[in-house]
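Quick notes on the structure that follows.
The values are calculated or read from the model by the stated rules, or taken from the named source; none is laboratory data. What you see is a predicted model; the values in this text were computed from it and never measured. Methodologically, a virtual Cβ is constructed for each residue, glycine included, from the backbone with ideal geometry; neighbour enumeration extends over all protein chains shown. Only protein heavy atoms, including side chains, enter the accessible area calculation; ligands, DNA and RNA are left aside. Shrake-Rupley method; radii C 1.70, N 1.55, O 1.52, S 1.80 Å.
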Amino acid sequence: MSLLGSQLHNFASSIWHLNRSITGEGVRKTLLAIKEVLPNLSIVEIPTGTRVFDWVIPKEWAVREAYIVAPGGNKICSFAENNLHLVGYSRPIHAKLKLEDLQANLYSLPSQPTAIPYVTSYYNEHWGFCLSQQQRDSLEKGEYEVCVDSDLFDGSLTYGELLIKGKSNKEIFISTYVCHPSMANNELSGPTVSTFIAKWLSSRLDNRYSYRFIFIPETIGSIAYLSKHKDLLKEVVIAGFNLTCIGDNRDYSYLPSRCGQSLSDMVVKHVLKHICPTYKSYKWTDRGSDERQYCSPGIDLPIASIMRTKYGMYDEYHTSLDDLTNVVSPEGLEGGYNAVMLAIEALEHNKYPEACVLCEPQLGRRGLYPTLSTKFSTNDVALMMDLLTWSDGSRSLIDIAEICEVPIWDLYPIVKKLVDKNLITLHDLAV
Amino acid sequence: MSLLGSQLHNFASSIWHLNRSITGEGVRKTLLAIKEVLPNLSIVEIPTGTRVFDWVIPKEWAVREAYIVAPGGNKICSFAENNLHLVGYSRPIHAKLKLEDLQANLYSLPSQPTAIPYVTSYYNEHWGFCLSQQQRDSLEKGEYEVCVDSDLFDGSLTYGELLIKGKSNKEIFISTYVCHPSMANNELSGPTVSTFIAKWLSSRLDNRYSYRFIFIPETIGSIAYLSKHKDLLKEVVIAGFNLTCIGDNRDYSYLPSRCGQSLSDMVVKHVLKHICPTYKSYKWTDRGSDERQYCSPGIDLPIASIMRTKYGMYDEYHTSLDDLTNVVSPEGLEGGYNAVMLAIEALEHNKYPEACVLCEPQLGRRGLYPTLSTKFSTNDVALMMDLLTWSDGSRSLIDIAEICEVPIWDLYPIVKKLVDKNLITLHDLAV
Amino acid sequence: MSLLGSQLHNFASSIWHLNRSITGEGVRKTLLAIKEVLPNLSIVEIPTGTRVFDWVIPKEWAVREAYIVAPGGNKICSFAENNLHLVGYSRPIHAKLKLEDLQANLYSLPSQPTAIPYVTSYYNEHWGFCLSQQQRDSLEKGEYEVCVDSDLFDGSLTYGELLIKGKSNKEIFISTYVCHPSMANNELSGPTVSTFIAKWLSSRLDNRYSYRFIFIPETIGSIAYLSKHKDLLKEVVIAGFNLTCIGDNRDYSYLPSRCGQSLSDMVVKHVLKHICPTYKSYKWTDRGSDERQYCSPGIDLPIASIMRTKYGMYDEYHTSLDDLTNVVSPEGLEGGYNAVMLAIEALEHNKYPEACVLCEPQLGRRGLYPTLSTKFSTNDVALMMDLLTWSDGSRSLIDIAEICEVPIWDLYPIVKKLVDKNLITLHDLAV
């Protein structure tokens, strides 16, 4: 097992037990754990009741305990044991109900009898318990004592933000969410990979672009963030990724920005094609995460999603089975990290080369071309010649890699050699 | 049998017997019958000899009677019995000929022995009779008396026109032709469906667009009309249809405008795809009706053809077999009417929605979204969300229906709901 | 055997024996032979040492004799017998070597044991002999006398140029190379076909365009020519072809310009598709001749290659087996000539027709349309009508031929008829 994979998996394990939701202490503790890796992380609070576009920041939710006592006296569905047992944002209740009355507030999945489903009710006051179908089927008739010792109160919504300044004030924007309780692929993998990508970028001295990471609750968090920072983001963000479901080892997946043609789309498709030719390419219709906000009309940020197996496309999704043992693995997390890293490196390298001499240069006298011409000699330097022939200042390195049908990273050493020999110059923008 | 189908079929039957040609009383009587349904129809005359672009309005043609008397005294090929027996625009003649001399002026179809073919000679003085191959084969040797009691005289070319004013002076242009004698799909179906579509539009109080219908003789009629009204049409017409061969129940067909990319093309393809996924899509090369004039270089109107089975693509075409019994049916006419109506409704609805709030609106508090989030809840409102996400003011409702792969009419109730809730506004043009 | 095919083949045979290289008497004698056919050919010399972009004109190479004397006294690898025996640009040497020491300077092809390979070393001082693998395997141990009586001296690089003036100063540019010793497809076929195409164009009195032919050494020749004439060429050249490997009878091939969308590309693809539907279409990645220079960034001339079987794609390529008996044939040369001629005729005819009348003209009164309309009459003039309908001034004749799916030469007689009847006018450029 690789060191990086273990690091990522250990970090995810360390924050597994926290009761994340769209607000509350679980989010704050998760952000503090991230801040231990990223000391410059800012933790921001937005008060309950703040208007954010069409939405209002909801009350903060706190849970002290929640459980059901069965007729025989057994305590079941204990929140302390598994935070998925309690419907997210359940209001307080303490009552005794007959089983037949309790049923309306119980949630289970007949098709997955061992799974506790993940259910929330953020914007409508409600309470409920989730349990496996097996457990539900075994409940005896009788009177049940229901206890939800929770609060819904004027508090705040919490998110984390980190800006890593590079040479340019143009930004790459990376968003991930921290509102899911104890589930691994959706969604400890996202903040885990994001945290360590941010750590890697923080350690580099010469980043071309600035990098903005946000760790937010899904939907309300991105809407709140955009309501504060939309104008800045529209000015500086040239590409960005939504990182979610990025820790299993089964697949690689891409979901486009709304326009589908942004730099982010181009780079994700390029990277995934070369690390996993059979990767899944979804459509905008399949969207379901914060890209819905980032790409909404009038916002129009160039945000694409990089995933391993997409939310909704694996059986364990949104159940207790989405864990760090069977679903998310060190290899899966490392593969996700690697894909994001390659995409960022591609953006950093994605300049517009322009040839410095007219016609082909004489590579031979520079030691870059065989001096003896035989029937078979011409292919040796084909990729170098192809890069040169497309270096007309109008094509980026990703464009050229696409034309040449090679991964962009195959071009990095050639670009370096040609720059060193003064045969090409690199422009930031198309000329 | 539906009421509408019967109405259409009855109307076609009522004008079946008239001797339509490119000029003459048959056209006038047909237009008067249409005027009974559409009282505002104008009937316009253009005098013989009028120059219309490269053409000249021909003499008017009148036929009192026409027949052949066979050697045994039998009267055959009587115009009174079937107007197809006489070659269109036959000059007067009264003569006795031997069968072998008569043969050069007889027309029949060896491959369809029971069919009387439809033959015309508009621009070259000629006479002739058409008969079935069976009848022709049974003719005995001997002397035949030929009588064509016709006139070719300075009169006029007649057409009908109806303008139904809407809120906008921008027009949808619908053209159909009334120059074919007793044949059903080509061409009583065209004026029949056009008449009743015009009746429907006349009964609506709130048409978005104005509608211009013309009932003309093919080719010379459209050329004459364009020579008078080209500048106006080029200014106001945003879409239009040539309605022909629209009464049989075998197929649906589309023939594009010359440019192939007009609003008319887009709407016809959209409608036919959804009412008949296997519809035939022809090319401009396959053209053969008045679109040849409307789309000619320098005219360039956006006119596409909506058809059931295209002219030339069914055996009975241009023969006496193209009748109201075996070829055109109430169901066929109603299907054609329905396709045109759906296309017009699509044009009326084809505005450019723009979202009124940034980011996704909170549908839940408006009762448009389920408040409880479970593993399976997100698909219920998917089409509404898709419409919202594409409501960026740059895409028309047809564009959005195409992206969402649904018929545009599935969007009408959703658009209404979103407009009512102030979540989108509708623009006439892309913003 | 056709007269033209024989002429082409005889001309190639007459210059077969000359020791062409990138400089030297073999090139001059080849150009003098071409000048006998094209008296206006200019022969131009560029002195050794002249800087041409990133390159320098090399020393001139002369060979008086070259051979090896085997231990038994036999003279082998005699340059006088086959100029391929000597590595191109071999420096002088007179020495005695043991076989094992000689081996490092011998070149053969194990996979083609009867072929003498073609090897050069232009830009690095070297000497060597080429021989068949069979001959090499039969060499006895012992001492060999090696003699290369050559000179590398300050002389010049020689090329030929012919400008045939047409009505327009816009030019079609044709480039071929004359630097290969005794090999037939690559590369006597190129100068042979080019010479006779130039002869044909010189004999025409009314060429629309001017035609510039250059006969150059490959790579260094095109670079040298461009370094002198780049600005003129960029101003006047509207299309052009690199003619190479154009004398065998196995295939037709096209290699695009770098942009792939130039007029040259369009015309070559159009012609080859219609004379050989299975022709090979290569990509820019497959390039390997002077198009590398003509299309390089900053030069960007619209030069495509017309070939029979492409260099590198036939076994005999760059060996003594590429001869005038088994590879290049009269039929092959004539087929290549014909393809180039059709491409040039297409360019000459490639004007933009515009209809002179609005709507369809009345072809009947001009004798261009049948006057009797029957069920089957409309197809007879379909291509004329199609040409008319696309004559909107925005489409060239090649565009229209592509739309109509006919070879452009099928349109020439129709265009003439329509121009004669004043139904269309022809524009030089899109209107």
Go through the stretch B:418-427 residue by residue and tally those that are within 16 Å of residue B:364 (Cα to Cα) and surrounded by 15 or more Cβ atoms within 10 Å (Cβ to Cβ).
-> 2
Within the bounds of the stretch A:348-361, is there any residue that is of a type outside the set (D, E, K, R), within 29 Å of residue A:267 (Cβ to Cβ) and either under 20 Å from the mean Cα position of the chain (by Cα) or more than 14 Å from chain C (Cβ to nearest Cβ) (or both)?
-> yes
Breaking point among (1) open to solvent by 20 Å² or more (accessible area, probe 1.4 Å); (2) away from every other protein chain (no Cβ under 13 Å); (3) closer than 21 Å to residue B:298 by Cα; (4) not polar (S, T, N, Q), for residue C:397 = (1)
The condition from (1) more than 14 Å from chain B (Cβ to nearest Cβ); (2) in a loop (DSSP other than H, G, I, E, B); (3) under 24 Å from residue A:333 (Cβ atoms); (4) not aromatic (Phe, Trp, Tyr) that residue A:198 misses is numbered (2)
Can you name the helices (runs of 4 or more DSSP H) wholly within the stretch A:216-300 that have at least 1 residues being open to solvent by less than 20 Å² (accessible area, probe 1.4 Å), free of Cβ contacts under 8 Å to residues at least 60 places away in the same chain and within 14 Å of chain B (Cβ to nearest Cβ)?
-> A:291-294
Check residue C:341 against each of (1) more than 9 Å from every other protein chain (Cβ to nearest Cβ); (2) crowded, with 21+ Cβ neighbours inside 10 Å; (3) not small (Gly, Ala, Ser) and name the one condition it does not meet.
-> (2)
Read through the list (1) within 12 Å of another protein chain (Cβ to nearest Cβ); (2) open to solvent by less than 40 Å² (accessible area, probe 1.4 Å), then give the number of the only condition that residue A:366 fails.
-> (2)
Residue A:343: passes all of (1) over 27 Å from residue A:236 (Cα atoms); (2) among the aliphatic types (A, V, I, L, M); (3) out of contact with any Gly (no Cβ under 8 Å at 6 or more places or on another chain) but (1)
For residues that are in contact with a Lys or Arg (Cβ under 8 Å, 6 or more places away or on another chain), of a type in the set (Val, Ile, Thr) and closer than 19 Å to residue A:381 by Cα, tally how many sit in the stretch C:259-311.
-> 0
Please enumerate the residues belonging to the stretch B:165-190 that are assigned to a loop (DSSP other than H, G, I, E, B) and closer than 19 Å to residue B:23 by Cα.
-> B:178, B:179, B:180, B:181, B:182, B:183
Apart from one, (1) touching a Ser or Thr at 6+ places or on another chain (Cβ under 9 Å); (2) over 25 Å from residue C:17 (Cα atoms); (3) surrounded by 19 or more Cβ atoms within 10 Å (Cβ to Cβ) all hold for residue C:148; the odd one out is (2)
In the stretch B:96-144, how many are surrounded by fewer than 16 Cβ atoms within 10 Å (Cβ to Cβ) and either in a loop (DSSP other than H, G, I, E, B) or charged (D, E, K, R) (or both)?
-> 16
Filtering the stretch B:12-41 for residues that are over 17 Å from residue B:181 (Cβ atoms) and open to solvent by less than 20 Å² (accessible area, probe 1.4 Å) leaves a count of 2
Any residue in the stretch A:312-323 that is within 14 Å of chain C (Cβ to nearest Cβ), without any contact (Cβ under 8 Å) to a residue 40 or more places away in the chain and more than 29 Å from residue A:3 (Cβ to Cβ)?
-> no
Output the residues belonging to the stretch B:165-211 that are open to solvent by 20 Å² or more (accessible area, probe 1.4 Å), within 15 Å of residue B:42 (Cα to Cα) and either touching an Asp or Glu at 6+ places or on another chain (Cβ under 6 Å) or not hydroxyl-bearing (Ser, Thr, Tyr) (or both).
-> B:165, B:199
Would a scan of the stretch C:221-244 turn up a residue that is under 27 Å from residue C:129 (Cα atoms) and in contact with a helix residue (DSSP H, G or I) (Cβ under 8 Å, 6 or more places away or on another chain)?
-> yes
